[in-house]
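> Before I ask anything, here is the structure I am working with.
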Amino acid sequence: MLNLKNPLVFFDLEATGINTSKDRIIEIAMIKIFPNGQKEEKSQRVNPGIPIPLESSLVHGIYDKHIKDEPLFNQVAELISTFLENCDLCGFNILHFDIPLLAQEFNRVGIDFDTEKRNLLDAQKIYHLMEKRNLGAAYKFYTGKELEDAHSALADTQATMAVFTGQIEKYEQQTISNLKGEVLGIIENDMSALHLVLNKNMVDLAGRMVINDQGKEVFNFGKHKGKLVTEVLQKEPSFYDWMMKGDFPLDTKKKLTQLRLSSFNK
């Protein structure tokens with residue numbers, strides 16, 4: 001049983017996207033635990049007032065038709081604020097996503113969402129701190145040995161070779177999925193096949209452009225995020241010039257130029 005001085009609310013948000021400044025909440029679920037162990041749950045879907053992008057709906061399964069008759073956030077903000085009043089907060093990745101997004105929504109409707117007097121507890125942060133995801137942790141997981149001379153280039157290279165070999169042995173013929181639960185392929189002891197599985201949506205090394213679900217190159221940042229690269233370059237030629245003059249990696253500029261030339265040749 002958790003040792004609580006204040007009520008603790010576990011909560012999670014679903015949203016129109018991952019931009020905490022511009023995107024909107026479409027669902028909030030909260031479980032409040034009181035110091036005496038009593039629990040209280042509340043779940044509310046919200047009409048964001050803007051369309052839900054298809055790529056977001058594919059992740060959480062909530063489409064425009066599901067929330068068209070739900071209240072706007074300003075209609076339920078007071079109820080949510082009251083439920084959270086004087087409570088500490090806990091969730092998974094709440095420090096980087098859920099709390100900033102919720103605070104932004106409250107600010108839009110003029111409600112002061114004070115986080116200074118609350119304990120903010122992120123289960124993801126504990127997970128990452130306690131279950132290390134560095135080379136030393138991977139080496140111990142796959143070989144059962146401690147990595148000595150870490151950060152020596154040769155030792156790290158030898159460790160990576162052992163980790164990679166151990167991964168192939170452990171996962172060969174198992175399916176691999178992304179964070180959305182979509183199956184990417186099968187782990188095979190074949191470097192070409194493995195490359196395609198691990199990098200199937202990669203266009204440039206920096207990830208400024210990616211392959212979408214339709215197999216088309218789209219921008220992965222800024223005002224044109226999710227838009228076809230070729231269409232943007234045709235409709236807004238100045239965007240190409242801006243990127244070529246900007247502080248983007250040479251690989252990104254090379255791939256962008258290749259896509260620009262290919263669009264002209266069609």
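> Only one of (1) more than 19 Å from the chain's Cα centre (by Cα); (2) at pLDDT below 95; (3) outside the structural domain of Tyr142 (by TED's automatic domain parsing) fails for Asp190. Which number is that?
Unmet for Asp190, out of (1) more than 19 Å from the chain's Cα centre (by Cα); (2) at pLDDT below 95; (3) outside the structural domain of Tyr142 (by TED's automatic domain parsing): (3).
> Got a sec? Which of Leu147, Leu101 is in the same structural domain as Glu14 (by TED's automatic domain parsing) and either outside any helix (DSSP H, G or I) or surrounded by 14 or more Cβ atoms within 10 Å (Cβ to Cβ) (or both)?
On the way: Leu147 fails: in the same structural domain as Glu14 (by TED's automatic domain parsing).
Of Leu147, Leu101, the one residue that is in the same structural domain as Glu14 (by TED's automatic domain parsing) and either outside any helix (DSSP H, G or I) or surrounded by 14 or more Cβ atoms within 10 Å (Cβ to Cβ) (or both) is Leu101.
> For the structure I just gave you, tell me whether Gln124 is farther than 20 Å from Lys42 by Cα, modelled with pLDDT under 95 and surrounded by 15 or more Cβ atoms within 10 Å (Cβ to Cβ).
Numbers: farther than 20 Å from Lys42 by Cα: yes; modelled with pLDDT under 95: yes; surrounded by 15 or more Cβ atoms within 10 Å (Cβ to Cβ): no.
Answer is no for this residue.
> Name the pairs: first residue in region 239-263 and at negative phi and without any contact (Cβ under 8 Å) to a residue 40 or more places away in the chain, second residue in a helix (DSSP H, G or I) and aromatic (Phe, Trp, Tyr), Cβ to Cβ under 6 Å, at least 6 apart or on different chains?
Every condition considered, the pairs that remain are Arg260/Tyr240.
> Further question on the same structure: Among (1) under 23 Å from the mean Cα position of the chain (by Cα); (2) within 16 Å of Arg118 (Cα to Cα); (3) surrounded by 18 or more Cβ atoms within 10 Å (Cβ to Cβ), there is one condition Leu84 misses while meeting the rest; what is its number?
With respect to (1) under 23 Å from the mean Cα position of the chain (by Cα); (2) within 16 Å of Arg118 (Cα to Cα); (3) surrounded by 18 or more Cβ atoms within 10 Å (Cβ to Cβ), Leu84 is out only on (1).
> Next question. Among the numbered criteria (1) of a type in the set (Gly, Ala, Ser); (2) in a helix (DSSP H, G or I); (3) without any contact (Cβ under 8 Å) to a residue 12 or more places away in the chain, which single criterion is violated by Ser81?
Looking at each condition in turn, Ser81 falls short on (3).
> Sticking with this structure for a sec: Taking the condition of being exposed (fewer than 14 other Cβ atoms within 10 Å of the Cβ), assigned to a strand (DSSP E or B) and either in contact (Cβ under 8 Å) with a residue 60 or more places away in the chain or not hydrophobic (A, V, I, L, M, F, W, C) (or both), how many residues in region 155-198 meet it?
Final tally of qualifying residues: 2.
The values are calculated or read from the model by the stated rules, or taken from the named source; none is laboratory data. Only a predicted model underlies this, so the values are computations on that prediction, with no experimental measurement involved. Counting neighbours? That spans all protein chains shown, and the Cβs are built from the backbone with ideal geometry, glycine included.
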